[in-house]
Structure formats: structure tokens, C-alpha cells
Amino acid sequence: MNEWVRFWICAVFCIGGIAVILVSTFGVYRFRYVLNRMHIAALGDTLGISLVLLGLVISKGFSPVSWKLLLVILFFWIASPVAGHLIARLETTTNEKLSEYVREERDDGSL
């Protein structure tokens, strides 16, 4: 009975991760501006891959392999947002047409 519960919890996490990755893939093609695309891609790979790897950790049980997978999840949670931020910062500093895509907020709070 315990193996079936673990299997179904693993399946829910893996299917959820695959669903997040598929939605983010659709979002990358749906959005037109590069910063929007980068945002959805960074969210998709961080959350989607983490859910799939967490499902694998649950499937394997706590073992040395599971600890390695948890370290991979930690690496993704640290490296992916930092890399996305650096690429977005490069885009904002080098894009000459940035004002066409960004609405700035005024001092009174209106757009």
C-alpha cells in the first residue's frame, strides 16, 4: 500500500511539472516582447523542473541519489533566476526601443 501512495504522489508532482513546462513553452511563443518571454521561460524551467525532480525524489525515497537531486533543485532555484535577471538587465541596457514596450508610472501613481 505504501508503494502505491508514493507512486501516485510522484505521478502528481511529475505531471504537474510537465504541465508547467508545457504552459511556459506556450507562453514563450505567445508573448511578443523578449522580457516577457524570458520571464515565463525562467518561471517555467525553475518550477517545472523542480516539480519533476521532487517527484523523482519521492519516487526514490531518501537515499544518496535523492540528496543529489535535492542539490540539483537548489542549484536551479539559485542559478536560473540569477541568469534570467542578468540577461534581462542586458536587454534593458542595450535595447534602444525599450520605451515602446514599457509604460512608466508617474509620481501620482497613474500610468
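Once the dipole of the chain is set up with Lys and Arg at +1 and Asp and Glu at -1 on Cβ about the Cα centre, which of PRO81, GLY16, PRO64 lies farthest towards its positive end?
The listed residue farthest towards the positive side: PRO64.
Modelled label-to-label distance, TYR29 and VAL72, 7 Å Cα→beta-carbon offset: nm?
It is 2.7 nm.
Expressed as a whole percentage, what fraction of the accessible surface of the chain belongs to carbon and sulfur atoms when a 1.4 Å probe is rolled over the protein heavy atoms?
68
In percent, what relative contact order does the stretch 1-101 have, based on Cα pairs under 8 Å that are 6 or more apart in sequence?
So the answer I get is 29 percent.
If you stretched the chain out fully between VAL65 and ARG6, how much longer would it get, using 0.36 nm times the residue separation minus the C-alpha to C-alpha distance?
19.6 nm
Can you tell me the dipole magnitude for the stretch 1-86 around its Cα centre, using point charges on the Cβ only (Lys, Arg +1; Asp, Glu -1), in Debye to the nearest 20?
Computed about the Cα centre, the dipole is about 160 debye.
Quick one: Kirkwood hydrodynamic radius for the chain, alpha-carbon pairs, angstrom, one decimal?
Averaging 1/r across every pair of different Cα atoms and inverting gives 16.2 Å.
The values are calculated or read from the model by the stated rules, or taken from the named source; none is laboratory data. None of the values given here were measured: they were computed from a predicted structure. No Cβ is skipped: glycine too gets one built from the backbone with ideal geometry, and neighbour counts run over all protein chains shown. Areas reflect the complete protein model, heavy atoms only, side chains present, ligands, DNA and RNA absent. Shrake-Rupley method; radii C 1.70, N 1.55, O 1.52, S 1.80 Å.
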